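**Q** Supplied in C-alpha cells, the structure appears directly below.
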Amino acid sequence: LKAGVYLIICLIVTRIVTNAVGKILDKKEKMEPALRKFIASGVRALLIVVTIVIVANALGIETSSLIALISVAGLALSLSVQNVLSNLFSGITLLATKPFKSGDFVEIAGKTGTVKTGGLFYTELDTLDNVAISIPNSDVTGACITNYSREPLRRVDRTYTVSYEND
C-alpha cells in the first residue's frame with residue numbers, strides 16, 4: 001500500500017514537473033524545438049528513474065544495489081552508443097550556438113549546399129546539383145563552417161586590365 005501511494009504521488013509530481021518544464025521551455029522562443037523536446041524528454045526520464053528508486057525502496061528492495069545496477073547499465077549503454085551520443089551532444093551544441101539555420105547556403109566539411117534541416121544527430125544539405133547529403137553532427141562541429149547566407153552583403157573583388165593606350 002505504501003509503495004502504491006508513493007507511485008501515485010511520484011507520477012503526479014512527474015506530470016506537474018514535466019508540464020512546468022514544457023511551459024518554461026515554450027517561452028524560450030529562440031531555442032530550437034528539437035532541443036526543447038530533448039530537454040523535456042531528459043527531465044521526464046530522470047524523474048521516472050527517481051520514481052522507480054523510490055517505489056523500490058518502499059517495497060523493501062535494497063536501493064543502493066539498484067542504483068549501482070542503473071549506473072552500470074548506463075555506463076554500458078553509453079559505451080555501446082558512443083558515436084550516437086557524440087552526434088547527439090554535437091547536435092545540442094549546434095542548436096545552442098546556431099552557426100547556421102535552415103535555408104542558409106553553407107560549406108561544411110568540404111560539402112557545399114543549402115541547409116535543409118539541422119537535427120539532433122545529422123545535418124542535411126541539398127547541394128547545387130540536387131543531391132541530399134546527411135553529415136553527422138560530430139563531423140559538423142569538428143569542421144570549419146562557412147555560412148554564405150549570414151550576412152546580407154558580400155564583397156566581390158574583380159581585376160580588370162586596361163591597355164595603356166586607353167583613357
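**Q** Any residue at all in segment 25-33 that is under 30 Å from Ala132 (Cα atoms), in a helix (DSSP H, G or I) and not acidic (Asp, Glu)?
**A** Scanning segment 25-33, I find at least one residue that is under 30 Å from Ala132 (Cα atoms), in a helix (DSSP H, G or I) and not acidic (Asp, Glu), so the answer is yes.
**Q** Residues to consider are Ile39, Ile12; find the one that is free of Cβ contacts under 8 Å to residues at least 60 places away in the same chain and open to solvent by 70 Å² or more (accessible area, probe 1.4 Å).
**A** Ile12
**Q** Can you report the number of residues in segment 43-75 which are farther than 13 Å from Gly4 by Cα, surrounded by 11 or more Cβ atoms within 10 Å (Cβ to Cβ) and among the hydroxyl-bearing types (Ser, Thr, Tyr)?
**A** Summing the residues that are farther than 13 Å from Gly4 by Cα, surrounded by 11 or more Cβ atoms within 10 Å (Cβ to Cβ) and among the hydroxyl-bearing types (Ser, Thr, Tyr) in segment 43-75 gives 1.
The values are calculated or read from the model by the stated rules, or taken from the named source; none is laboratory data. This one's a predicted model, so the numbers in the text were calculated from it and none came from an experiment. Cβ: placed from backbone, ideal geometry, glycine included. Neighbour counts: every protein chain shown. Keep in mind that these areas ignore ligands, DNA and RNA; they rest on the heavy atoms of the full protein, side chains included. Shrake-Rupley method; radii C 1.70, N 1.55, O 1.52, S 1.80 Å.
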